[in-house]
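One structure is given below, encoded as structure tokens.
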Amino acid sequence: MRLAAKLILLFLAGIFLLVSFFAYATIESDRKLALLEHQQQAKVIAEALEQDPQLPSSSEFLDASINPYLAPLKIRSRIRVIELGTDTFETAFGKPPEIILKEQEITSIYRIDESGQKRFYTYLPLSTINSKESVERGLEISDADLGDTQRLRRSLVSSLLAFLGITTLSASIIWIGGLKMVGKPLNALTEKVHRIGQGDFSSPLTLNSNDELADLSHAINEMCDQLELQRKTIASESKSKIEALEQLRHSDRLTSVGQMAAGFAHEIGTPLNVVLGRAELIVSGELDVADVKKNAVTIKEESLRISKIVRSLLDFSRPQKPQRSLVSINQLASKTVDTMQPLATKQGVRIQINPLASDLTVSIDYAQIEQVFTNLLINGIHSIQGDGLIEINLLTQQKLSPDNMGADSQQCIVIEFRDSGTGIPSEHLNQIFDPFFTTKTIGEGTGLGLAIAHGIVKEHLGWIEVQSTVGQGSTFRVYIPTDSTYKS
């Protein structure tokens with residue numbers, strides 16, 4: 001259990017710091033006790049030497065073993081008498097002894113001497129008066145700290161044993177408690193969260209504890225109940241919305257059928273009337289041979305017109321799957337322009353094509369894409385009143401499909417038709433791809449050209465975008481993904 005391990009490591013770090021602090025405090029306490037013992041012994045030595053009238057007045061160390069006042073004490077201290085004010089000797093403090101003794105009656109320090117040994121030093125005044133002259137004196141009493149190593153070892157051993165004991169006990173408690181009180185509940189909570197992520201809100205989680213984890217499990221169970229209720233509500237609402245949407249689609253289909261029927265009737269009504277009228281004239285027998293022939297030609301032309309409208313309607317209603325082959329996009333655009341050039345010249349429209357700098361060969365249906373180009377060129381020519389220009393730009397671009405916003409952008413061939421015509425009103429932009437919708441005058445179009453072009457491009461997994469401003473012209477951009485593109 002990683003959490004239990006982290007808790008153990010954190011607890012061990014705290015135990016280690018705490019034991020280290022107490023070990024240091026123990027060592028310092030033992031040293032202070034040793035210093036206090038040394039200070040007490042120094043006072044005893046000073047009291048003994050104050051009784052000696054023959055105490056030498058020099059800075060040499062005294063031999064405690066031959067001094068009649070010190071020998072009974074059996075001491076090992078290093079002792080010397082310091083004459084205050086006349087001695088150039090400096091103490092372990094680095095100050096003259098008379099200054100130390102004026103600051104404090106008894107001064108004890110812990111220092112390392114010149115040989116590197118740790119020693120206690122005690123300075124205290126001496127009231128004994130020399131028989132020859134009055135001189136203020138002081139004592140310097142020092143003892144080697146022989147128990148320092150033992151104190152350190154004893155403190156380390158006891159601290160280590162305490163640390164190991166506390167660590168073992170605490171780690172066992174935390175490990176067992178962590179697994180039982182934290183580890184298992186957390187595993188159960190994790191498994192429950194995974195099930196929630198997969199949409200399973202059943203099997204409420206039950207923890208037999210009275211702590212925060214149990215409160216969390218209750219909150220998760222309540223959340224699951226609310227999510228389940230919301231899911232049922234959403235499902236019910238979605239069903240209602242789907243039914244309403246299907247009704248709207250059915251209504252929309254009826255509307256589209258009505259529009260198509262009205263458009264179809266409108267488109268074929270005029271030529272049928274012409275055919276009927278001319279046929280009645282022929283049947284009447286009042287016409288000569290030349291007039292009969294002339295009326296027969298008119299009947300033929302109007303019949304072809306009706307046939308063309310019906311064929312366009314069939315092409316729209318039964319789109320064919322693209323028969324793909326590798327086609328040069330520059331050559332296709334150039335050929336379509338050549339085909340449409342007579343109509344453009346007749347209308348006074350100039351067509352300018354800007355091919356790809358490096359031609360690309362794309363896997364498309366040649367005839368279908370040519371039909372798309374032709375329909376867009378015809379619309380552009382018809383939208384221009386008088387002299388004008390249609391500019392065809394061939395580009396490549398990374399583009400995101402508007403029908404699949406979550407997908408990555410894809411490399412596309414872009415064929416841009418930019419005309420200088422009258423433009424399309426904004427209220428008509430959403431209808432221009434609807435069947436039989438047209439803004440042209442009667443006889444100029446069937447209203448199926450853009451609808452067929454839109455269907456063909458969609459079959460090629462592409463799309464068409466339109467921008468238009470009334471009085472300034474329109475721009476149609478055809479996007480065709482280049483899944484199979486080769487440099488030619």
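The values are calculated or read from the model by the stated rules, or taken from the named source; none is laboratory data. Small disclaimer: the values here were computed from a predicted structure and weren't measured. Methodologically, a virtual Cβ is constructed for each residue, glycine included, from the backbone with ideal geometry; neighbour enumeration extends over all protein chains shown.
What the table below lists for this structure:
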{"quantity": "Subset of region 440-488 [modelled with pLDDT under 85, more than 20 Å from Gln398 (Cβ to Cβ) and among the hydroxyl-bearing types (Ser, Thr, Tyr)]", "calculated": "Thr441, Thr446, Ser488"}
{"quantity": "Of residues in region 284-333 being of a type in the set (Lys, Arg) and part of a loop (DSSP other than H, G, I, E, B), the one modelled with the highest pLDDT", "calculated": "Arg324"}
{"quantity": "Verdict on Leu164 being modelled with pLDDT of 75 or more and not charged (D, E, K, R)", "calculated": "yes"}
{"quantity": "Leu254 vs. criteria surrounded by 10 or more Cβ atoms within 10 Å (Cβ to Cβ), modelled with pLDDT under 80 and in a helix (DSSP H, G or I)", "calculated": "yes"}
{"quantity": "Candidates Leu213, Leu205 - the one that is surrounded by 11 or more Cβ atoms within 10 Å (Cβ to Cβ), touching a residue at least 24 places away in the same chain (Cβ under 8 Å) and in contact with a helix residue (DSSP H, G or I) (Cβ under 6 Å, 6 or more places away or on another chain)", "calculated": "Leu213"}
{"quantity": "Check on Ile66, modelled with pLDDT of 75 or more and surrounded by fewer than 18 Cβ atoms within 10 Å (Cβ to Cβ)", "calculated": "no"}
{"quantity": "Members of region 334-385 found to be over 19 Å from Cys412 (Cβ atoms) and assigned to a loop (DSSP other than H, G, I, E, B), listed by number", "calculated": "Gln347, Gly348, Ile384, Gln385"}
{"quantity": "Filter pass, Thr233 being surrounded by fewer than 12 Cβ atoms within 10 Å (Cβ to Cβ), among the polar types (S, T, N, Q), modelled with pLDDT of 75 or more and in a loop (DSSP other than H, G, I, E, B)", "calculated": "no"}
{"quantity": "Pair list, Cβ under 7 Å, 6 or more apart: region 367-396 residue among the acidic types (Asp, Glu), other residue in a helix (DSSP H, G or I)", "calculated": "Glu370/Leu332; Glu370/Thr336"}
{"quantity": "Matching residues, region 179-228, being modelled with pLDDT of 75 or more, of a type outside the set (Ser, Thr, Tyr) and in a loop (DSSP other than H, G, I, E, B)", "calculated": "Gln198, Gly199, Asp200, Phe201, Pro204, Leu205"}
{"quantity": "Residue under evaluation Ser170, criteria (1) in the same structural domain as Ala25 (by TED's automatic domain parsing); (2) at pLDDT below 75; (3) buried (at least 16 other Cβ atoms within 10 Å of the Cβ), criterion not met", "calculated": "(1)"}
{"quantity": "Some residue of region 360-375 being polar (S, T, N, Q), assigned by TED's automatic domain parsing to the domain that holds Ala451, under 48 Å from the mean Cα position of the chain (by Cα) and over 21 Å from Trp463 (Cα atoms)", "calculated": "no"}
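Per-residue answers, yes or no, for (1) of a type in the set (Gly, Ala, Ser); (2) surrounded by 20 or more Cβ atoms within 10 Å (Cβ to Cβ); (3) over 21 Å from Lys458 (Cβ atoms); (4) out of contact with any helix residue (DSSP H, G or I) (no Cβ under 6 Å at 6 or more places or on another chain):
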position: Ser334; (1), (2), (3), (4): yes, no, yes, yes
position: Asp338; (1), (2), (3), (4): no, no, yes, yes
position: Lys346; (1), (2), (3), (4): no, no, yes, yes
position: Leu356; (1), (2), (3), (4): no, no, yes, no
position: Glu391; (1), (2), (3), (4): no, no, yes, yes
position: Asp408; (1), (2), (3), (4): no, no, no, yes
